[in-house]
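Please read the structure below before turning to the comments.
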Amino acid sequence: MSEGPKKRSGSSSSSSGGRSLSEPAESPSVTGKDEGESSGVGLKKQIGLVSACAIIIGNIIGSGIFVSPKGVLENASSVGVALIVWVTTGLITAVGALCYAELGVTIPKSGGDYSYVKDIFGGLAGFLRLWIAVLVIYPSNQAVIALTFSNYILQPLFPSCLPPDSSLRLLAAVCLLLLTWVNCHSVRWATFVQDVFTTGKLLALALIIIMGIVQICKGHYHWLEPVHAFETFRDYDVGLIALSFLQGSFAYGGWNFLNYVTEELVDPYRNLPRAIFISIPVVTFVYVFANVAYVTTLSPQELLASNAVAVTFGEKLLGVMSWIMPISVALSTFGGVNGSLFTSSRLFFVGAREGHLPRVLAMIHVTRCTPIPALLFTLITSLLMLCTSDIYTLINYVGFINYLFYGVTVAGQIVLRYKQPDLYRPIKVSLVWPVIYLLFWAFLLVFSLYSEPVVCGVGLAIMMTGVPVYYLGVHWEKKPQCFNITIGKMTHLCQKLCSVVYPDMGGNLEPHSPPKEDGVGEMDAASHG
């Protein structure tokens with residue numbers, strides 16, 4: 001990795017030359033060969049409130065609620081406890097999102113928890129968050145969602161058998177290529193696709209919920225009556241119920257993705273928290289009532305036996321129109337791939353801007369203002385994942401690490417309160433909320449370590465491979481001159497091929513705060529080294 005853009009120090013920084021937490025890193029601007037000149041090109045604020053909600057909802061609601069909500073039910077041991085788990089995890093997700101809302105307007109930078117962890121806990125901690133995301137989390141998730149999309153598209157062509165694996169991977173690759181092109185072409189096109197497909201999946205889920213309400217009106221609510229709802233199909237077990245909560249929490253994954261694109265939000269200080277406060281309750285409502293609808297038609301045994309609950313549900317109630325459900329799953333996953341590409345490319349873009357990834361990934365197209373190198377990097381890593389046979393194993397290994405950093409980020413909110421109590425916060429939530437989130441998070445984390453020590457250990461080992469990479473690629477500043485020259489030539493070649501330059505970040509990261517007095521608001525944020 002090459003030397004990243006330098007950071008400037010505040011006028012009254014800490015002893016180690018820190019900068020304001022909300023002050024942007026100074027990015028060199030390059031136009032053609034003229035380094036140091038302002039390109040006048042920057043990320044545009046084009047994401048309004050509706051698109052912001054679509055990003056959150058579209059990233060949370062993937063194929064899971066259509067395909068396999070049985071993970072929660074299987075471990076909860078009864079319908080009643082499963083519904084309680086869905087409601088509780090939705091509430092806890094809302095608490096975590098509330099904490100992220102404060103961090104998002106206090107540190108108004110894209111990159112989400114990577115940016116927050118880096119600024120609060122230092123460069124190494126931030127790099128490890130980025131490393132595990134670059135190495136496994138985003139490429140594997142995007143590959144799996146694309147494979148799910150291709151499976152539901154091809155299934156009607158192979159009614160009596162499974163589609164060929166090569167066909168699945170080829171169509172998944174086409175899906176990734178198409179959506180990468182859309183995201184490279186225009187931010188407006190990408191958000192339009194997200195809006196349309198999020199609306200489509202919500203309409204499909206609304207159909208499921210309405211059918212459930214009709215079933216209840218017809219008297220089909222056997223498994224919703226308290227005497228039957230808590231009828232167990234296996235003995236209650238504290239460990240299994242904890243695993244049920246863990247499954248529920250993973251189902252809400254993606255609630256923090258809007259924080260990755262803060263700099264492209266129109267009026268982020270209003271729209272970031274608004275989008276969060278609208279989206280999380282909507283998702284919780286949809287998840288709970290979709291599960292209620294399922295049990296009005298399917299018994300717990302039928303639900304657990306189904307590989308695609310929504311499809312089975314549709315076959316029972318929709319008759320000749322049952323094709324709606326597999327199409328809905330395909331459309332949902334298509335939108336999920338788009339949202340994941342959009343947000344993950346911004347994470348890699350910010351990582352490069354901070355000097356933690358090759359600098360070329362911090363460039364944007366001169367006219368389209370899209371981070372084309374970061375998008376292409378995301379595409380390539382996802383396509384490589386399609387070539388492996390152990391995608392699901394990798395996801396299991398790093399799922400624990402992903403959840404680990406949620407807690408680290410929320411803990412950072414408390415640390416920041418004590419380090420900089422006078423830092424301007426447009427939103428300031430009671431510290432009771434991060435404490436509640438951390439208690440729930442610690443419970444799930446301890447249980448994960450206890451129940452699956454090998455999986456968690458491998459995940460930690462994968463993350464720790466980033467330590468030598470950090471010290472060799474980022475911390476080591478005096479690299480051989482030939483290395484720097486080679487990287488510079490490669491960067492310049494990529495600039496020519498993609499018509500990209502370093503963005504002018506002057507207007508995007510201005511903190512929404514009163515003038516600083518006596519150094520208030522300065523802290524020793526992590527440098528790139």
| note | Quotient of Cα radius of gyration and Kirkwood radius for the chain, i.e. Rg/Rh, equals 0.98
| query | Over the chain, what is the relative contact order in whole percent, taking alpha-carbon pairs under 8 Å and six or more residues apart? | reply | 36
| said: At 1.4 Å probe size, what's the solvent-accessible area of E231? Round to the nearest 10 Å². | reply: 90
| Normalised by the number of residues in segment 302-368, what is the relative contact order in percent for Cα pairs under 8 Å and 6+ residues apart? | 15
| said: If exposed means no more than 10 neighbouring beta carbons inside 10 Å and the site is in a DSSP loop, what's the longest run of the chain without any exposed trypsin sites (Lys or Arg not before Pro)? | reply: 219-477
| task | Using only protein heavy atoms and a 1.4 Å probe, report how much of E74 is accessible, in Å² to the nearest 10. | result | 80
| remark: Magnitude of the Cβ-charge dipole (Lys and Arg +1, Asp and Glu -1) of the chain about the Cα centre, nearest 20 debye, reported as 800
| note | Note to self: C-alpha centroids of segment 92-125 and segment 397-443 sit apart, in Å, by 8
| Which value, in Å² rounded to 10, gives the accessible area of S160 with a 1.4 Å probe and all protein chains present? | 110
| At 222 nm, what helix-only mean residue ellipticity would the chain give, in deg cm²/dmol to the nearest 500, using -39500 (n - 2.57) for each DSSP H run of four or more? | -20500 deg cm²/dmol
| message | Just the number please: accessible area per residue for the chain, 1.4 Å probe, all protein chains included, in Å². | response | 40
| query | Is there a pair in K45/K489; K45/K428; K44/K489; K218/K316 whose C-alpha atoms are over 20 Å apart, and which pairs would that be? | reply | K45/K489; K45/K428; K44/K489
| query | Relative to the Cα centre, what is the charge dipole magnitude of segment 275-415, using +1 at the beta carbon of each Lys and Arg, -1 at the beta carbon of each Asp and Glu, and rounding to the nearest 20 debye? | reply | 460
| task | For the chain, give the percent of accessible area contributed by carbon and sulfur heavy atoms, probe 1.4 Å, rounded to a whole number. | result | 66
| message | Positive end of the dipole of the chain, charges at C-beta (+1 Lys, Arg; -1 Asp, Glu), about the Cα centre: which of N141, F349, L493 has its Cα farthest in that direction? | response | L493
| message | Quick check: convex hull over the Cα atoms of segment 170-215, volume per residue in Å³, rounded to an integer? | response | 57
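The values are calculated or read from the model by the stated rules, or taken from the named source; none is laboratory data. Here the structure is a predicted model, which is why all the values come from computation and not from measurement. Cβ atoms come from the backbone with ideal geometry, glycine included; neighbour counts cover every protein chain shown. Accessible surface is based on the protein model in full, side chains and every heavy atom, while ligands, DNA and RNA are left aside. Shrake-Rupley method; radii C 1.70, N 1.55, O 1.52, S 1.80 Å.
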